[in-house]
Amino acid sequence: MEFTDKIELLPVEKFAKRFCVSRTTVFEWKKSGVLIPGRHYIQIGRTLRFVWCSEIISELHESNSQNTENKKKQTIKSPMPKTPSNKNSAINMEY
């Protein structure tokens, strides 16, 4: 792999700001495997630094767009929640 542009190591806050997402989203990406250790970030102890270069950013954008398309294709149908009947219920639903 050849890097043709400048590589920066960013803290979580700056990485999230450049992607226009929250810190929570970055940590969710890390937990779910979207961000790969050694490729997208470096962690030494509790210190995290995220790699910022055009090649890696374009790779993350492509994988994010593919994940978005896959989520749109999947429709999850959850069963309707059961509503308690007014009879034999400890909660007065007629109040």
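What follows draws every value from the coordinates through simple rules; no lab data is involved. Just so you know, these numbers come straight off a predicted model, no measurement behind them. Because the Cβ atoms are built from the backbone with ideal geometry, glycine has one as well, and the counts that use them run over all protein chains shown.
In this structure, the amide hydrogen of L35, modeled 1.01 Å from its nitrogen in the peptide plane, lies closer than 5 angstrom to those of K30, counting only residues at least 5 positions away or on a different chain. Other residues lying with their Cβ under 14 Å from the Cβ of K14 contribute a combined charge of +2, Lys and Arg counting +1, Asp and Glu -1.
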